[in-house]
Amino acid sequence: MEHKFKVLLIGSGGREHALADAISKSKSLESLRVFPGNGGFSKDILLDSKEISITDKSKFFDYLKSSGTNLVVVGPEDPLVNGLSDWCAEIGIPCFGPSAYCAQVEGSKHFAKEMMKRAKVPTASFAVFTDHESAWSYAQKEILPLVVKADGLAAGKGVTVAFEMKEVKQALDEIFLESKFGESGNKVVLESFLEGEEASLFVITDGERYMCLPAAQDHKRAYDGDIGPNTGGMGAYAPAPIVTDSVLSKVKELVIEPMLHEFKAAGHPYKGLLYVGLMITKEGNPNVVEFNCRFGDPETQCVLRLLDEDILPIFYASAVGNLPERNLKLKEGFSAIVVLAAKGYPDSPQKGMPLEIPSNEGNVVVYHAGTKNQDGEILANGGRILGITSCGSSLKYAINDCYAFIGKIKAPDTFYRKDIGRRAL
Ligand code: AMP
Ligand code: GLY
């Protein structure tokens, strides 16, 4: 008999709304429940904190057992770094997402750099420090720009690309003297600056075999022309033309395969999603900027629109170590996402604005991120509010579609970038 899945999906962002959309289309889905979700999900599939916890192990186990969940899919990094996947393993429930050991690839920059060093993965040279004095005395001998990274998770805010020594000093002061990132700043990685163009590549693996999704390009700065503060991402498109077949084969040979080998050799095969953050030189050589242990947001929302097969058997196969040895089936064409953010994002986003969102039309699909459903009314409830996605035979079609639709949304005190994908057009 065909395997039917009772899925528990963890997370509350646009990424999880897109994952839920893909999962809902699966022929193998029996039921889907989501915790904690956002205003875009129908209320009957959402779980609340009375029913489940992801920090209280016995409450988590109680939910899994009583619900008959047979596949857990974890969106964000925090629960993975904290061992949610290991908890599932303890009671024999497959989980799409790496173990706490493997999730250190995102949870500790130092761990990731050491792993890359052992695997001889091309990346920036680095040094690690646990106190201000030695970091600062090393930094002063280095050439600028210099990149200062808090070791642990810092909600995307722990990295400073410093073009002047006073910025290096300020970043070190914040990390060591002001404890801006708490324990995540107990260690600092100082890194040389990598030149090139960035791309995000998502790799689904069972520790041995792997499958790549189309590479995407994110837009991290808040405002048009790549200016303003760094954000989680204001828009993305895929496939990114910078990741040519030749670049992709180098990434497989020099990055993915050596890293998977290294995890396996450490006795911890990497299962789940490995996000490879790349900097690609003018000559087409890839360097790794970072790894994440989860799907990227907002890239996932557009990348998944190019998938042309049932995602659930793939997630399950990754979780149980049985991934097929073939490429993913993908649609022709391009996809894009434009993020609608709250005024004040990323520093102090406004909340509570009422949103009027027309129904999806044509190729456009809207994913919710920072929204909540209050008695049937959808209100803004976070920095990145919505992601407007589309796909088409050309990138231009996909992007124009997103912009035509965003104009029909009524959302006071919000903004969006008008130049998503322009670099690839
Ligand atoms: P991370 O959190 O490591 O992704 O860093 C956030 C952003 O900082 C990246 O997306 C890059 O734009 C930039 N960055 C990080 N490390 C480097 C580096 N070594 N050289 C140049 N830019 C970097
Ligand atoms: N969009 C970047 C990330 O998900 O880390």
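So what does Lys57 come to for accessible area, using a 1.4 Å probe and Å² rounded to 10? Lys57 exposes around 70 Å² with every protein chain in place.
For Ile385, the residues whose amide H sits under 5 Å from its own are Leu340, Ala341, Ala342, Gly370, ignoring neighbours fewer than 5 places away on the same chain, with H placed 1.01 Å from N. Surface exposure of segment 259-364, expressed per residue as accessible area with a 1.4 Å probe, stands at 41 Å². Glu262 sits among other residues whose Cβ lies under 12 Å from its own Cβ, and their net charge, with Lys and Arg +1 and Asp and Glu -1, is +2. If you run the Gaussian network model on the chain, springs between alpha carbon atoms under 10 Å, then out of Glu299, Glu164, Glu114 the most flexible one is Glu164. The DSSP beta bridges internal to the chain are antiparallel in roughly 80% of cases.
Computed on segment 263-316, with alpha-carbon pairs under 8 angstrom and 6+ residues apart, the relative contact order is 27 percent. By accessible area, using a 1.4 Å probe on protein heavy atoms only, segment 1-140 has 51% of its surface on carbon and sulfur. If one puts a single equal scatterer on every Cα of segment 338-419 and applies the Debye formula without solvent, what log₁₀ I(q)/I(0) results at q = 0.20 Å⁻¹? Taking Cα atoms of segment 338-419 as identical point scatterers yields -0.84. The order of Thr130, Thr231 by accessible area, most exposed first and with a 1.4 Å probe, is Thr130, Thr231. Put the Cα centre of segment 153-177 next to the Cα centre of segment 180-211 and the gap is 17 Å. A Förster radius of 22 Å combined with the Cβ-Cβ distance from Ser31 to Gln374 puts the calculated FRET efficiency at roughly 0.30. At q = 0.10, 0.13, 0.22 Å⁻¹ the log10 of I(q)/I(0) for segment 282-425 amounts to -0.44, -0.71, -1.33, computed by Debye summation with a single uniform scatterer per C-alpha, solvent ignored.
Compute the whole-percent fraction of alpha carbon pairs in segment 125-184 spaced more than 12 Å apart. I get 64 percent for the Cα pairs in segment 125-184 exceeding 12 Å.
Here the spin labels are modelled as points 7 Å beyond Cα on the Cα-Cβ line, and at Asn285 and Tyr403 they lie 3.7 nm apart.
Modelled label positions at Glu114 and Lys59, each set 7 Å beyond Cα in the direction of Cβ, lie 3.4 nm from each other. Its alpha carbons considered, segment 90-249 gives a radius of gyration followed by a Dmax of 17.4, 52 Å. With the simple spin-label model, which puts each label point 7 Å out from Cα in the Cβ direction, the Glu257 to Ile143 separation comes to 3.3 nm. Annotation: per residue accessible area for segment 41-186 equals 48 Å², rounded to a whole number [probe 1.4 Å, protein chains only]. Normalised by residue count, the chain yields a Cα convex hull volume of 145 Å³ per residue.
Backbone amide hydrogens, once placed in the peptide plane, bring Ala124 within less than 5 Å of Val288, excluding anything fewer than 5 places away on its chain.
Stretched out straight at 0.36 nm per residue, the stretch from Asn186 to Lys343 would grow longer than its current Cα-Cα span by 53.3 nm. With kT/(6 pi eta Rh) evaluated at 4 °C and eta = 1.567 mPa s, and Rh the Kirkwood radius from Cα pairs, segment 361-401 diffuses with a coefficient of 113 µm²/s according to Stokes-Einstein.
When only Cα pairs below 8 angstrom with a gap of at least 6 residues are kept, the chain shows a relative contact order of 17 percent. Counting only cysteine Cβ atoms and a cutoff under 4.7 Å, the chain contains unmatched residues Cys102, Cys212, Cys293, Cys302, Cys391, Cys402. Considering the convex hull of the alpha carbon atoms of segment 295-364, report its projected area averaged over all viewing directions, in nm², one decimal. Averaged projected hull area, Cα only: 7.5 nm².
Using a cutoff of 8 angstrom between alpha carbon atoms and counting only pairs six or more residues apart, the relative contact order for segment 297-425 works out to 30 percent.
The portion of the accessible surface of segment 274-425 made up by carbon and sulfur, rounded to a whole percent, is 45 (1.4 Å probe; DNA, RNA and ligands excluded). Once neighbouring chains are kept in place and the probe is 1.4 Å, which whole percent of the accessible area of segment 181-232 is contributed by carbon and sulfur? Here carbon and sulfur together make up 44 percent of the probe-accessible area. For segment 95-130 versus segment 256-297, the spacing of their alpha-carbon centroids is 9 Å.
The values are calculated or read from the model by the stated rules, or taken from the named source; none is laboratory data. Here the structure is a predicted model, which is why all the values come from computation and not from measurement. Neighbour counts run over all protein chains shown; Cβ positions are idealised from the backbone, glycine included. These accessible areas exclude ligands, DNA and RNA; they are computed on the full protein's heavy atoms, side chains included. Shrake-Rupley method; radii C 1.70, N 1.55, O 1.52, S 1.80 Å.
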